[in-house]
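See below for the structure under consideration.
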Amino acid sequence: MGRQLLLDNLDKPGINTLSGYQQTGGYESLKKALQMKPEDIVTEVQKSGLRGRGGAGFPTGMKWSFLAKPPGEPRYLICNADESEPGTFKDRYLMQHKPHILVEGMIISSFALGANTSYIYIRGEMMYVYHILQKAIDEAYAAGYLGKNILGSGFDLDLHVHCGAGAYICGEETALIESLEGKRGNPRIKPPFPAVKGLWGCPTVVNNVETIAAVVPIIRITGEEYAKIGVGKSTGTKLISASGHINKPGVYEIELGVPVEEFIYSEQYCGGIRNGKKLKAVVAGGSSVPVLPAELILKTANGEARLMTYESLADGGFATGTMLGSGGFIVMDEDTSIVKNVWNFSRFYHHESCGQCSPCREGTGWMYKILSRLLDGKGETKDIDLLWDIQRKIEGKTICPFGDAAAWPVAASIRHFRNEFEQYISKGKSDVKHYYRINNLQES
Amino acid sequence: MARVTIDGHTIDVPEGTTIVEAARKIGGDIVPPTMCYYSTLKTSGGYCRTCLVKVTKGSDKDPRPMPKLVVGCRQTVMDGMEVQNITSPEVLEAREGVVEFLLLNHPLDCPVCDQAGECDLQDLSYAHGDEGTRTEFRRRTFPMKSIGDKIKLHMNRCIMCYRCVKVAEQLCPERVHGVLNRGWDAEISTYIEKAIDSEWSGNMIDVCPVGALTDKTFRFKSRVWFTKPLDAHRNCDVCCGKVAIWVSGDAVLRVTGRKGVYHEIENTEDGKPGWICNTCRFEKKNLSDWVIEGPRHIDRHSVISQNHYEQLKQLKQDLSRQKQIGEKAHNN
């Protein structure tokens, strides 16, 4: 097991309370950070090479340095805790067990960015986590870590937790901002970017839970030290939510650079495939990233071992690669039908499309209907080309990345598993034995 | 000023102009079609994706091309920007895709639709759509609704351009109308069927690019191409009173705002958009109510335009030319 920077001390009793967290060195980073200049914290994060953990992998320090600083205008920091990507549950786990690391990270980040009001936008379904966070914030207020003049530094911060109403699209940063403002959660058209005009028209930074939590160890061990962990531009540790047909599903903190093969098969991580089956495919970073067959996820097209890094997983582009994404690592064994899997994903995207722009609103539903018909045994060979054409006309044509997210799983499934689609169509059913049944298979 | 080149035509426009506005200053075929953008409604545009264009050169300072197609109605021009619209096969293909998506659940009930003949979606699909359809599923349907006693909402035909929502937001003092539900099931509605009784609500009929919002006083009275458009005005306390009346014989069948070449309400002399009030629109249906100024010329290549057929021929030629470009690129 590599270094644990976020999930350390989880076995200590009372780690979810302020006193328990403080006993393990909690809020020491905050005290250190408040002695520093805000610019220095940003530099420290830049040095650490920390990249956005929400999916896009954009360097956090660079994002922070883009924040416009017009005089006399407030700035906001928003933590995106609207974790809704199928296969991803790392943020929930972190917030549930160590809420104070997020609170501490929010205070340090707000101080670095000069934000005096910050928000944690949490997904509505995670109501119990909302209560945990609210309790942690109340404790932090009582201890003087939040409110006016934090620890005598002269820095004021109000931290609010806001509950969303359970829309996947509100995890997109501009839709999140709209929702936080009390409007319909529709993504905004960019530019302007939130760094210039975000919440209430003011400069805003939106970061993932894990990104903000990672600021705490960065301050503790310094950016240089953090950058030593990992491979190349993928520095630090990453939470991976491993699920699917593996022996030990759960949330693992890995040092970036662990080989994928080791992650799947070693006892300290996933522990191999359940029931001694063979690996068939992996969705490496949450439902929206392309699915890869076993031979391509373990080795790149050049024959090198694939590592759990942003670069290595993306090696070969979408033709033979995928993305690290949000770290939702879904493993499928040989008994999984890719057609059913992609049907399930497309059902999700059809349901969650906000309906603002036409390719996504109509295209996701169309793909879902075609896949439903195919699953009903009424598919035709031309449907495969039709699906391919539809996904191509959605990808990159929409307001927000949702369209891409809806198109990629379909594209990758057809690209790598076309024969399985053809076989399903010719027989009207799958050759693969299923473990699960699908209900509600009707044309809606 | 910013110098922008669109399909080889260069023009100087003020900073902050959008690509579509710059293209409209040049005019002609190179203007990207717009379904949701409406120049006089703030924050409109960006939804329908028909105005997607390719930016091959970002600006003089940063000549990199933009990685994705951008929406011309929202993207502002930079000095030295080079844009491809109908000269880019990629754009034409994307647009064909968007038309297909827009028509996927559109009922295509043009023979009984009041908008037929002056419908932006008809024009768009003739100009940029494919001939056949690949739709094989039952189309999405909604119950018909009334928005107030004068406006009929035919949600099946709606393409979710949000223009009427912007009218409700920006013209009507109390906003009681917007979008309900999400995604595939999203619909325009007045909450709990509450009637809109704003004096300006009728303008949402004028901005609707399709036949989703129609005038109940005109519904099924006549096809638009059988009526004669005349410019007329009256002294109105509420609005500018400058309208287009559509007459058949002595009967004024309907009253609309004066729509210009891009099917948008024209500005009056004072430079403000010539929105009209509901009294002028729905209640003044006698010729004696109006001072006739003269016949109104319809520029748009719609069915009601007199020289429509010639233009359509031209359009077909353009289309086959565009197809050839597309096929050539595809074969390469």
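All of the numbers you see were taken from the coordinates with simple rules; none came from a lab. None of these values were measured; they are calculated from a predicted model. For neighbour counting, all protein chains shown are included, and Cβ atoms are generated from backbone atoms with ideal geometry for every residue, glycine included.
Below are the figures for this structure:
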{"item": "GNM flexibility winner over chain B from B:Met160, B:Met144, B:Met35 (Cα, springs under 10 Å)", "result": "B:Met144"}
{"item": "Karplus-derived HN-Hα couplings along the range A:376-386 (A = 6.51, B = -1.76, C = 1.60, θ = phi - 60°), whole Hz, x at Gly and Pro", "result": "6, x, 10, x, 10, 4, 5, 4, 5, 5, 5"}
{"item": "D (Stokes-Einstein, µm²/s), Kirkwood Cα radius, the range B:80-136, 1.306 mPa s at 10 °C", "result": "125"}
{"item": "Gaussian network model of chain A, springs between alpha carbon atoms under 10 Å - residue of A:Pro191, A:Pro259, A:Pro59 with greatest fluctuation", "result": "A:Pro191"}
{"item": "10 °C / 1.306 mPa s Stokes-Einstein diffusion coefficient of the range A:1-83, Kirkwood radius on C-alpha pairs, µm²/s", "result": "102"}
{"item": "Where the Cα pairs of the protein assembly as shown fall when distances are cut into 20 Å bins, in %", "result": "15, 44, 32, 9, 0"}
{"item": "In the range B:206-262, chymotrypsin sites (Phe, Trp or Tyr not before Pro) in a DSSP loop with at most 14 other beta-carbon atoms within 10 Å", "result": "B:Phe220"}
{"item": "Shape category assigned to the range A:89-145 from the gyration tensor of Cα positions, a/c cut at 1.5", "result": "prolate"}
{"item": "Stretch gain in nm, segment A:Asn9-A:Arg220, where the contour uses 0.36 nm per residue and the Cα spacing is subtracted", "result": "74.4 nm"}
{"item": "Charge dipole (the range A:334-432, unit charges on Cβ, about Cα centre) - positive-most of A:Trp343, A:Tyr368, A:Tyr424", "result": "A:Tyr368"}
{"item": "Within the range A:285-301: backbone nitrogen closer than 20 Å to the A:Asn419 label point (7 Å, Cα to C-beta)", "result": "A:291-301"}
{"item": "Residues of type lysines that A:Lys278 reaches as a straight line, Cα spacing below 19 Å, ignoring anything fewer than 8 places off in the same chain", "result": "A:Lys248, A:Lys299, A:Lys340, A:Lys433"}
{"item": "Sparse-neighbourhood loop sites, trypsin sites (Lys or Arg not before Pro) in the range B:92-185 - DSSP loop, at most 14 other Cβ within 10 angstrom", "result": "B:Arg134, B:Arg138, B:Arg139"}
{"item": "Between helix A:99-113 and chain A: long-axis angle, C-alpha atoms, 0 to 90°, nearest 10", "result": "70"}
{"item": "For the range A:56-95 versus the range A:287-336, the gap between their alpha-carbon centres in whole angstrom", "result": "25"}
{"item": "Whichever lysines have a C-alpha closer than 24 Å to that of B:Lys68, once near sequence neighbours (fewer than 8 apart) are set aside", "result": "A:Lys63, A:Lys190, A:Lys197, A:Lys393, A:Lys397, B:Lys54, B:Lys57, B:Lys323, B:Lys328"}
{"item": "The protein assembly as shown: antiparallel DSSP beta bridges as a percent of all, rounded to 5", "result": "70"}
{"item": "Pairs of alpha carbons in the range B:58-189 whose separation is greater than 20 Å (percent)", "result": "60"}
{"item": "Helix-only [θ]222 nm of chain A, DSSP H runs n ≥ 4, -39500 (n - 2.57) each, per residue, nearest 500", "result": "-12500 deg cm²/dmol"}
{"item": "Bins of 10 Å, starting at 0 and running to the largest distance - Cα pair percent for the range A:125-174", "result": "23, 38, 27, 12"}
{"item": "The range A:1-114: relative contact order in percent, alpha carbon pairs under 8 Å with at least 6 residues between", "result": "37"}
{"item": "Check: the range A:185-297 dipole with +1 on Lys, Arg Cβ and -1 on Asp, Glu Cβ, in debye", "result": "480"}
{"item": "Shape of the range A:234-296, Cα gyration tensor, a/c cut at 1.5", "result": "oblate"}
{"item": "Antiparallel DSSP beta bridges within chain A, as percent of all bridges there, nearest 5", "result": "50"}
{"item": "Proximal charge balance of A:Ala136 [Cβ under 11 Å; K/R count +1, D/E count -1]", "result": "-1"}
{"item": "Euclidean distance between Cα centres, the range B:51-94 to the range A:150-179, Å", "result": "34"}
{"item": "Under Karplus coefficients 6.51, -1.76 and 1.60, residue-wise ³J(HN,Hα) of the range B:265-270 in Hz, glycine/proline x", "result": "4, 6, 6, 7, 4, 7"}
{"item": "Three-way shape label, the range B:123-257, alpha-carbon gyration tensor, a/c 1.5", "result": "oblate"}
{"item": "Residue of A:Tyr76, A:Tyr141, A:Tyr121 that the Gaussian network model of chain A assigns the largest fluctuation, springs spanning Cα pairs under 10 Å", "result": "A:Tyr141"}
{"item": "The range B:115-179 versus the range B:233-266: alpha-carbon centroid distance in Å", "result": "21"}
{"item": "Amide H within-cut-off set for A:Val206, under 5 Å, with H built and near neighbours excluded", "result": "A:Ile78"}
{"item": "Candidates per trypsin sites (Lys or Arg not before Pro) in the range A:235-288, loop by DSSP, up to 16 other Cβ within 10 Å", "result": "A:Lys277, A:Lys278"}
